[in-house]
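Every number here is computed from the coordinates shown, using simple stated rules; none is lab data. Only a predicted model underlies this, so the values are computations on that prediction, with no experimental measurement involved. Every residue, glycine among them, receives a Cβ derived from its backbone with ideal geometry; neighbour counts consider all protein chains shown.
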Amino acid sequence: MTLITGASGGIGADLARVFAREGHDLALVARGADKLALLADEIEATGRRRPLLLPLDLTSPGSTGALAAGLGAANAVPDILVNNAGFGLIGDVAQLNPAEQLAIVDLNIRSLVEITLRFLPSIRAARGKILNVASIAAFFPGGPGMTVYYASKAFVLSYSLGLAQELRKDSVVVSALCPGATPSGFQERAGFGPEVMLDKLPMTSSMVVAQAGYRGLMAGKREIIPGAFNKIGSALLPFFPKSILLTLISRMQQKRL
Ligand SMILES: NC(=O)c1ccc[n+]([C@@H]2O[C@H](COP(=O)([O-])OP(=O)(O)OC[C@H]3O[C@@H](n4cnc5c(N)ncnc54)[C@H](OP(=O)(O)O)[C@@H]3O)[C@@H](O)[C@H]2O)c1
């Protein structure tokens, strides 16, 4: 079965819809139990098996153990893992709440690694697959104005590429999905106001991102960049001096309070 984190909305919910449509049985994780239940109703109504729901806060210590216990109680063994749960915050490191910044590290990095390690044995045994949701942010030299978030996504991309190479001999596919700006709950949680120019970039819908993620994972791609604008943009980035990119990102993410 396929385990998807952060499935209560946005890209994760659309990944669940796509995996279900393609015939995968699902286990879905997020904090929002009500939203997970609505999505499970929707998937069940299409004739698919009702997903197993595991409402958990993945930043809580012990959440990976609770996740494993929930799966074990249902005799569910993941052979595909989609690490999608994540969030960012707009603002300078010196101004943002320290605990909230550490929660980004806990969710985007710590929980992703912990869940991967926990289920790696069953994924390797099944010659399964891992899809880690990074971001186009991972290709930038840094993300002033969202510094911790950009650094966390650089980690996710690096971790995924390293793991992909290590697990090649086990026939396990590891892909990093690197979306650009995608309308979802992300912008509100990050605290984007009307002045944040990142919102004005060409957007790719969460369904298009999810479909590209699914296709890329099944094709064994290591990096998946949905949308022509994002593909071309990320290919051009290495040609720009880092100082220019850092200034550009800083301007685009400036939140004038
Ligand atoms: N939207 C973009 O522009 C964009 C671009 C590049 C990459 N991404 C990445 O795409 C992934 C999905 O984000 P999204 O855009 O779909 O945003 P979203 O709509 O806010 O979805 C985030 C998901 O993560 C879950 N989540 C958040 N905190 C959690 C926690 N502590 N424990 C468990 N689950 C938690 C949320 O559910 P609950 O709130 O119910 O817990 C939700 O299901 C993230 O990794 C994000 O960094 C997004």
First select every other residue whose beta carbon is under 13 angstrom from the beta carbon of Ala33; then total the charges, Lys and Arg +1, Asp and Glu -1. -1
Counting only C-alpha contacts under 8 Å and six or more residues apart, can you give the relative contact order of the chain as a whole percent? 20 percent
Classify the range 71-227 as rounded, prolate or oblate, taking a ≥ b ≥ c as the square roots of the eigenvalues of its Cα gyration tensor: rounded when a/c is under 1.5, otherwise prolate if a/b is larger than b/c and oblate if not. prolate
Taking 35 Å as R0, compute the FRET efficiency from the Cβ-Cβ separation of Ser171 and Arg21 and round it to 0.05. 0.90
For every helix of n ≥ 4 consecutive DSSP H residues, a contribution of -39,500 (n - 2.57) applies; sum these over the chain, divide by its total residues, and give [θ] at 222 nm rounded to the nearest 500 deg cm²/dmol. -13500 deg cm²/dmol
Using the number of other C-beta atoms within 10 angstrom as an exposure proxy, rank Met203, Met197, Met252 with the fewest first. Met197, Met252, Met203
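Roughly speaking, what is the stretch gain from Ile244 to Ala73, that is 0.36 nm per residue apart minus the C-alpha to C-alpha distance, in nm to one decimal?
My answer for the length gained is 56.3 nm.
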In the neighborhood of Ala20, defined by Cβ-to-Cβ distances under 14 Å, what is the net charge if each Lys or Arg adds +1 and each Asp or Glu adds -1? -1
Please sort 102-108, 29-35 by packing, taking for each peptide the average over its residues of neighbouring beta carbons within 10 angstrom, highest first. 102-108, 29-35
Computed label-point distance, nm, for sites Ser60 and Ala99 using a 7 Å Cα→Cβ extension: 1.6 nm
Just to confirm the filter: which trypsin sites (Lys or Arg not before Pro) across the range 196-257 are DSSP coil and have at most 10 other Cβ within 10 angstrom of their Cβ? Arg256
GluC sites (Glu not before Pro) lying in DSSP loop within the range 163-257, provided at most 15 other Cβ fall within 10 Å: Glu195
With everything on Cα atoms, drop me the angle between helix 147-166 and the longest principal axis of the chain, reported from 0 to 90° to the nearest 10. 50 degrees
Where does helix 63-73 land angle-wise versus the long Cα axis of the chain, in degrees 0 to 90, nearest 10? 20 degrees
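Add +1 for every Lys or Arg and -1 for every Asp or Glu among the other residues with Cβ under 14 Å from the Cβ of Leu131, and state the total. Walk me through the numbers before you get to the answer.
Numbers: positive: Lys129, Arg215, Lys221, Arg222; negative: Asp14, Glu22, Asp79, Glu223.
Net charge in that neighbourhood comes out at 0.
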Contour excess over end-to-end distance, with Cα ends at Arg251 and Leu236 and 0.36 nm allotted per residue: 3.5 nm
Once both axes come from the Cα atoms, what is the angle between helix 33-45 and the longest principal axis of the chain, in degrees from 0 to 90, rounded to 10? 60 degrees
Quick check on the range 184-257: take the gyration tensor over C-alpha atoms, sort the square-rooted eigenvalues as a ≥ b ≥ c, and tell me if it's rounded (a/c under 1.5), prolate or oblate. oblate
Honestly the range 91-180 on the Cα gyration tensor test (a ≥ b ≥ c root eigenvalues; a/c under 1.5 rounded, otherwise a/b vs b/c for prolate or oblate) is just prolate
